[in-house]
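For reference, the structure is listed below as structure tokens.
The values are calculated or read from the model by the stated rules, or taken from the named source; none is laboratory data. Note that the coordinates shown come from a computational prediction; the quantities given were computed from them, not determined experimentally. Reconstructed Cβ throughout: ideal geometry from the backbone, glycine too, with neighbour counts over all protein chains shown.
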Amino acid sequence: MSKRNRAKKRGSKLIRRKVDKTALPPGSLIRETAGPPAKVPLALIDYDASQATERTLDTIAQALPFKDRPTVTWINIDGLDADTIEAIGKTFGLHPLVQEDIQTIGQRPKCEEYPDYLFLVTDMVRFDEAGQGLTFEQVSLILGPRFVLSFQERPGDVFEPVRARLRTGKGRVRTMGADYLAYSLIDAIVDHYFTALEGLGAQIESLEEQALSESDPTVVGRIHGLRQELSLMRRSVWPMRDLLSTLQRTDSPLVSESVRIYLRDVYDHTIQVIDTVETFREMAAGLLDLHLAAVSNRMNAVMKVLTIIATIFIPLSFFAGVYGMNFEHMPELKWTWAYPLGFWAFIVVVVSSMLWYFRTKKWL
């Protein structure tokens, strides 16, 4: 990946989306004015202890028959199309501000309580093996009495293990309520924090060896990129701790006592992720110090050699300067052996003496 592409990739993370909403009332959705309406995939899974039905919906109206069933319904929406969000909001009674928050990405993870549902915002973090960096995606969850709605920015997620358990009936998810399904989705997101940290840990190990190389000019840029990734990771994980803490303490009947125990386990995992992120940040800062120290040591070694050479040539330059003067009455100039013995022998003695002195002082 070129430097320009890496910079563009990092910039897109820092400023996830820039939408001008000035002069728009609260709760307004942004609609794309160019091109045909977007086709947003709607995946539905309806299940109970005995069965699981999975289908793809063309319109949100096809989900109406599942709304009042005693089963649990999970609808996953890949995309943030305003018309789709508005249709879902009307069908499930979502507040306009909730609809706006779903479409506005780049928010901090949070938990908001409403009379008939809970609104959760999380960050899904994955390690990109090809780009050797992290990808961040906002996931919004609506937890209702018998349903869960999940909104993603684009197709592709970390929820496939949850879908597999729903299809096969393994685990507790098909015997529990919608709150357990919401917990399972959050748990899958937190579990992939560890996977992302494994990728960053491998980068740190690789950079530890390269940081000692003063000849690689790209090390500083890669260390800076790693520190930026860790800062973004920290910004996603710390609010997740508050979200889970709020879910554990909420008085909402949508979260049962049996699920609070599982939420406490995810909370502990989040604390582990936070500790690991802080450790990695300290290690990344140490890598930069290590590289700068290696460069400085190399520079000091070069300066040491140049200083010794200059020191050796100071008396030689003085001797050559004295006998290079154009005075007529300099008796040494009339000697037969003045040049080989008086000049070169003296130079050899002076240089040898200085080298011996430097060696005894362990400067060489």
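If you go through region 317-364 and pick out every residue that is more than 18 Å from V305 (Cα to Cα) and not in a helix (DSSP H, G or I), you end up with 11. Among the aliphatic types (A, V, I, L, M) and either without any contact (Cβ under 8 Å) to a residue 12 or more places away in the chain or touching an Asp or Glu at 6+ places or on another chain (Cβ under 8 Å) (or both), is that true of V348? Yes. Taken over region 128-143, the criterion of being surrounded by 20 or more Cβ atoms within 10 Å (Cβ to Cβ), in contact with a Ser or Thr (Cβ under 8 Å, 6 or more places away or on another chain) and not aliphatic (A, V, I, L, M) is satisfied by F136, Q138, S140. Among the residues of region 174-208, those that are over 17 Å from L247 (Cβ atoms), of a type in the set (A, V, I, L, M, F, W, C) and touching a residue at least 24 places away in the same chain (Cβ under 8 Å) comprise F194, A196, L197, L200, I204, L207.
Residues checked against (1) out of contact with any Leu (no Cβ under 7 Å at 6 or more places or on another chain); (2) at pLDDT below 90:
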| position | (1), (2) |
| --- | --- |
| R4 | yes, yes |
| G11 | yes, yes |
| E32 | yes, yes |
| P36 | yes, yes |
| P41 | yes, yes |
| A49 | yes, no |
| V72 | no, no |
| P96 | yes, no |
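Screening the candidates D101, D58 for the property of being among the acidic types (D, E) and surrounded by fewer than 18 Cβ atoms within 10 Å (Cβ to Cβ) yields one hit, D58.
Among the criteria (1) aromatic (F, W, Y); (2) at pLDDT below 95; (3) in contact with a helix residue (DSSP H, G or I) (Cβ under 6 Å, 6 or more places away or on another chain), the one F92 does not fulfil is (3). Filtering region 165-198 to residues that are acidic (D, E) and touching a helix residue (DSSP H, G or I) at 6+ places or on another chain (Cβ under 8 Å) leaves D179, D187, D191.
Okay, residues lined up against (1) surrounded by fewer than 17 Cβ atoms within 10 Å (Cβ to Cβ); (2) within 25 Å of the chain's Cα centre (by Cα); (3) closer than 30 Å to M354 by Cα; (4) in contact (Cβ under 8 Å) with a residue 12 or more places away in the chain:
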{"site": "E229", "(1), (2), (3), (4)": "no, yes, no, yes"}
{"site": "M233", "(1), (2), (3), (4)": "no, yes, no, yes"}
{"site": "V237", "(1), (2), (3), (4)": "no, yes, no, yes"}
{"site": "L244", "(1), (2), (3), (4)": "no, yes, no, yes"}
{"site": "D275", "(1), (2), (3), (4)": "yes, yes, no, no"}
{"site": "T279", "(1), (2), (3), (4)": "yes, yes, no, no"}
{"site": "T307", "(1), (2), (3), (4)": "yes, no, yes, no"}
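Condition test on L134, is it assigned to a strand (DSSP E or B), within 25 Å of W238 (Cβ to Cβ) and at pLDDT 95 or above? It is false that L134 is assigned to a strand (DSSP E or B), within 25 Å of W238 (Cβ to Cβ) and at pLDDT 95 or above. Any chance region 129-148 includes a residue that's aromatic (F, W, Y) and under 22 Å from T250 (Cβ atoms)? Yes, region 129-148 has at least one match.
Among the residues making up region 172-213, those that are touching a Lys or Arg at 6+ places or on another chain (Cβ under 8 Å) and of a type in the set (G, A, S) are G177, A178, S184, A196. Cβ separations smaller than 8 Å between residues 6+ apart or across chains give the following pairs from region 246-273 residues that are touching a residue at least 40 places away in the same chain (Cβ under 8 Å) to residues that are among the polar types (S, T, N, Q): L263/Q248. Only one of the numbered conditions (1) of a type in the set (D, E, K, R); (2) within 24 Å of T91 (Cα to Cα); (3) out of contact with any helix residue (DSSP H, G or I) (no Cβ under 6 Å at 6 or more places or on another chain) is not met by R146, and that is (3).
I'd like to check something: does region 117-132 contain any residue that is touching a helix residue (DSSP H, G or I) at 6+ places or on another chain (Cβ under 7 Å), of a type in the set (D, E, K, R) and assigned by TED's automatic domain parsing to the domain that holds G199? Checked against the condition, which is being touching a helix residue (DSSP H, G or I) at 6+ places or on another chain (Cβ under 7 Å), of a type in the set (D, E, K, R) and assigned by TED's automatic domain parsing to the domain that holds G199, region 117-132 yields at least one hit.
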